[in-house]
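Quick note: the coordinates plus some simple rules give every number you see, no bench work behind them. Everything quoted here is computed from the prediction, not taken from an experiment. Because the Cβ atoms are built from the backbone with ideal geometry, glycine has one as well, and the counts that use them run over all protein chains shown.
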Amino acid sequence: MTTATEPAVRASGLSVSFAARTALEDVSFELPRASFAGVLGPNGAGKTTLLRALLGTVTHSGSASLTGRPAYVPQSGGIDPSFPVDALGVVLMGRYPRLGWRRWPGREDRRRAREILGQVGLEREARVPFAALSAGQRQRALVGRALAQEGDVLLLDEPLTGIDVPSQEVILATLEAKRRAGATIVMTTHDLVQAARVCDRLLLLNRSLVAAGTTSEVFRPEVLGRAYGGELLVLDGGAVLLDDAHHHHDPR
Amino acid sequence: MLEGLDAPYLTRALAAGALVAVPLGLLGCFVLLRDLAFFAHAVGVATFPGLVIGAALPGVGPFASALAAALAFSGFVSLGERDRALSGGAVTGVALAGALALGSVLLVSLEVGALPVERLLFGSVLAVSDADVARSAATAALTVAVIGLTLPRLAATTFDREWAAPAGGRGRAGDAALVALVAIAVVCALPAVGSLLAAALLVVPAATVRVLTERLAPMLACAVALSVLEMAGGIVLARVLDLPPGAVVATLAGVVFGMAAALRAAAGRLALEVAR
């Protein structure tokens with residue numbers, strides 16, 4: 001039985017290794033319900049691995065637990081965009097786990113999927129093949145699939161990377177609405193500006209947990225420097241990331 | 001010209017061909033969507049050591065020995081491809097080379113003599129037995145049942161394995177079941193179309209439909225229908241032209257694919273013109 005004060009996400013001594021390489025080491029944190037957490041860190045810091053460990057899809061030591069049902073938006077790199085499915089079909093896939101993977105979605109599932117398509121601004125693209133959608137529209141459809149799972153904890157792996165600004169805004173507004181409705185959001189991102197704007201908790205990783213807390217606690221040059229090292233250029237108390245050419249922002 | 005089209009042997013051939021075409025058309029969609037075309041080709045050829053053993057031990061029979069070889073091959077590939085460093089057909093290639101080498105060694109050491117290679121490769125749909133037809137019917141029913149019961153899972157894991165895994169998609173079990181089903185369908189198709197044409201019928205009708213549709217359910221239905229039509233049309237055409245049926249079926253499927261691809265290209269050009 002769960003209680004209202006029980007953390008929505010809890011990791012204790014979480015470590016993950018792949019062959020001889022340590023991807024995550026001794027990570028411990030808790031996230032309260034209805035929080036919007038940003039997971040930050042340079043490339044290879046273990047952000048994706050943390051989400052996979054929380055979901056239980058990688059072997060790990062220590063403990064990881066989610067209170068309630070998870071919903072997931074992985075990075076879209078593993079998807080075959082030419083798969084024969086339209087936007088409505090993608091969102092309907094989110095209903096399959098709820099239906100036990102054998103029953104076909106019914107009228108109510110379709111109604112709910114169309115409602116979700118409206119939330120992510122794709123009502124007119126419902127029957128458009130996934131392959132014909134723009135990158136931003138595809139990402140919105142994938143977020144819609146996670147919404148259709150009706151999870152209590154949404155884990156999103158770089159949902160804002162490589163997509164247009166309007167799509168980013170639609171996704172963030174949708175996630176914020178979900179958070180207000182009581183869900184817990186955990187989102188990895190390279191975008192410190194977006195993270196500072198929308199997240200109320202931050203986890204800064206570099207294979208181990210460098211810092212956890214609010215924006216003001218984590219966005220300090222000496223703290224960021226411990227994660228990003230020489231890849232960080234500090235300007236007047238702010239910071240500019242240099243580690244990744246397509247994520248080059250001032251976090252203030 | 002159409003004389004003899006109602007002959008019992010031809011009726012049996014049409015029934016056998018249609019029953020073989022159903023699972024090949026259905027499974028072909030997932031073979032295509034999961035990049036398993038090389039496996040589909042290899043699994044038929046990899047029955048070679050099983051067929052040698054079947055010929056050496058008449059009590060075992062070619063079907064059981066070929067099925068055992070194909071399932072062993074599928075299991076090896078399923079286990080081997082769990083290592084991402086070996087994915088992309090490397091395990092299939094290694095296993096195929098091993099199966100061919102083993103078959104060659106067994107052929108000599110068991111003193112089987114010469115096998116009817118042409119029949120192994122191309123089959124003989126006009127010479128199928130009642131047992132072959134019954135096995136094809138059972139395989140068609142099994143494939144329709146399995147795909148029907150697991151389609152949401154298969155679709156979701158094929159589209160996005162990373163998402164499906166924590167949601168309960170059981171990707172690895174699905175992978176193993178799918179390659180095993182492909183192996184069974186190919187082995188059941190061997191007497192009628194042989195190993196090479198079974199692979200062609202797995203891939204070509206599905207590829208033809210794929211260029212014309214953007215949704216999975218119509219793709220599955222149309223691939224089955226096209227596979228059956230091409231099989232039946234090829235058998236009748238072969239009878240009329242007095243040519244080997246397997247070759248005519250494969251040629252017909254290739255011509256239809258070419259027409260579909262040309263149609264798609266023309267539609268694309270027309271859409272560009274309209275947009276301008």
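What list of ³J(HN,Hα) couplings, whole Hz, do you get for the range B:125-140 from phi and the Karplus terms 6.51, -1.76, 1.60, once you set θ to phi - 60° and write x for glycine and proline?
Values, residue by residue: 5, 7, 10, 6, 8, 4, 5, 4, 5, 5, 5, 5, 5, 5, 5, 4 Hz.
Amide H neighbours of A:Ser208 under 5 Å, at least 5 residues apart or on other chains, H built in the peptide plane: list them.
Long-range HN contacts for A:Ser208: A:Glu25.
Let's see if you can work this out: charge +1 on each Lys and Arg Cβ, -1 on each Asp and Glu Cβ, no other charges. What is the dipole magnitude of the range A:77-151 about its Cα centre, in debye to the nearest 20?
Using only the charged Cβ atoms, the result is roughly 240 debye.
Only four residue types carry charge here, +1 at the Cβ of Lys and Arg and -1 at the Cβ of Asp and Glu. Report the dipole size of the range B:84-233 about the Cα centre in Debye, rounded to the nearest 20.
Around 420 debye, computed over the range B:84-233.
Alpha carbons only, please: Rg and Dmax for the range B:27-154, in angstrom.
16.1, 49
To the nearest 500 deg cm²/dmol, what mean residue ellipticity at 222 nm is calculated for chain A from DSSP H runs of n ≥ 4 alone, each contributing -39,500 (n - 2.57), summed and divided by the residues?
Calculated mean residue ellipticity at 222 nm is -9000 deg cm²/dmol.
Place +1 on the Cβ of every Lys and Arg and -1 on the Cβ of every Asp and Glu in the protein assembly as shown, take the dipole about the Cα centre, and give the residue among A:Val165, B:Val274, A:Gly182 whose Cα lies farthest towards its positive end.
A:Gly182
Counting only other chains, and only Cβ atoms inside 10 Å, what mean value do you get across the residues of B:150-161?
For this peptide, the per-residue mean of nearby foreign Cβ atoms is 6.
Please work out the Cα center distance from the range B:234-276 to the range A:69-141, rounded to the nearest Å.
Cα centroid of the range B:234-276 versus Cα centroid of the range A:69-141: 33 Å apart.
When DSSP assigns beta bridges and you keep just the ones with both residues in chain A, what percent turn out antiparallel, to the nearest 5?
So the antiparallel bridges amount to about 55 percent of the total.
If you build a Gaussian network model of chain B, linking Cα atoms that sit under 10 Å apart, which residue out of B:Ala260, B:Ala99, B:Ala180 swings the most?
B:Ala260
Only helical DSSP H runs with n ≥ 4 go in: add -39500 (n - 2.57) per run for chain B, normalise by residue count and round the 222 nm mean residue ellipticity to 500 deg cm²/dmol.
It lands at -27500 deg cm²/dmol.
By DSSP, what percent of the beta bridges with both residues in the protein assembly as shown are antiparallel, rounded to the nearest 5?
55
Over the Cα atoms, compute the radius of gyration (one decimal) and Dmax (the largest Cα-Cα distance, rounded to a whole number) for chain A, in Å.
Over chain A's Cα set, Rg and Dmax evaluate to 18.2, 58 Å.
Taking the Cα centroid of the range B:14-91 and of the range B:165-212, what is the distance between the two, rounded to the nearest whole Å?
9
Could you derive backbone 3J(HN,Hα) for the range A:87-94 from the dihedral phi with the Karplus parameters 6.51, -1.76 and 1.60 (θ = phi - 60°), listing whole Hz in sequence and x where the residue is Gly or Pro?
4, 4, x, 5, 5, 4, 4, x
Let me have the relative contact order for the range B:8-271, percent, based on Cα pairs under 8 Å that are six or more residues apart.
Computed value for the range B:8-271: 33 percent relative contact order.
Could you tally the net charge around B:Thr150, taking each other residue with its Cβ under 11 Å from the Cβ of B:Thr150, Lys/Arg +1 and Asp/Glu -1?
Every neighbour counted, the sum reads +3.
Can you list the equivalent-ellipsoid semi-axes of the range A:77-151, largest first and in whole Å, using the square root of 5 times each Cα gyration tensor eigenvalue?
That gives 19, 14, 11 Å for the three semi-axes.
DSSP beta bridges in the range A:93-228, what fraction antiparallel, as a percent rounded to 5?
50
In the protein assembly as shown, if the dipole is taken from +1 on Lys/Arg beta carbons and -1 on Asp/Glu beta carbons about the Cα centre, which of B:Val117, A:Ser134, B:Leu36 is farthest to the positive end?
Going by the Cα projections, it comes out as A:Ser134.
Tell me which residues come under 5 Å, amide H to amide H, from A:Val73 once H is placed; ignore anything under 5 positions away on its chain.
A:Leu155, A:Leu156, A:Asp157
Tally Lys and Arg at +1 and Asp and Glu at -1 over the other residues with C-beta under 15 Å from the C-beta of A:Gly213: what net charge comes out?
-1
Per q in 0.17, 0.27 Å⁻¹, report the Debye log10 I(q)/I(0) for the range B:197-276, using one uniform scatterer on each alpha carbon and no solvent.
-0.68, -1.19
Over the whole of A:128-135, what's the average partner chain Cβ count within 10 Å per residue? Rounded to a whole number, please.
Details: counts 1, 3, 2, 1, 1, 0, 0, 0.
Per-residue shielding by partner chains comes out at 1.
List the residues, sorted by chain then number, that are 5 or more residues from A:Thr184 or on another chain and whose placed amide H is less than 5 Å from its amide H.
Residues meeting the criterion, in which the H sits 1.01 Å from N, are A:Ala34, A:Val153, A:Leu154.
Return the single residue from A:Thr188, A:Thr57, A:Thr67 with maximal mean-square fluctuation; model: Gaussian network over chain A, springs between Cα atoms under 10 Å.
The residue with the greatest mean-square fluctuation here is A:Thr57.
List every DSSP H helix in chain A whose Cα atoms extend 15 Å or more along the helix's own long axis and whose mean Kyte-Doolittle hydropathy is at least -1.0.
A:135-148, A:165-180
Once the other residues with Cβ under 10 Å from the Cβ of A:Ser12 are scored (Lys, Arg +1; Asp, Glu -1), what is the net sum?
Around A:Ser12, the charge tally is -1.
Among B:Ala90, B:Ala238, B:Ala114, which one moves the most in a GNM of chain B with springs linking Cα atoms closer than 10 Å?
B:Ala114
Scale the Cα Rg of the protein assembly as shown by the rule-of-thumb value 2.2 N^0.38 Å and send over the ratio, two decimals. It would help to have the intermediate numbers written out before the result.
Values: Rg = 27.5 Å, N = 528, 2.2 N^0.38 = 23.8 Å.
The protein assembly as shown yields a ratio of 1.15.
Quick check: convex hull over the Cα atoms of the range B:8-271, volume per residue in Å³, rounded to an integer?
Output value, Cα hull per residue: 133 Å³.
Tabulate in residue order the Karplus-calculated ³J(HN,Hα) for the range B:103-108, using 6.51 cos²θ - 1.76 cosθ + 1.60 with θ = phi - 60°, rounded to whole Hz; enter x for Gly and Pro.
Per-residue couplings from phi come out as x, 5, 5, 5, 4, 7 Hz.
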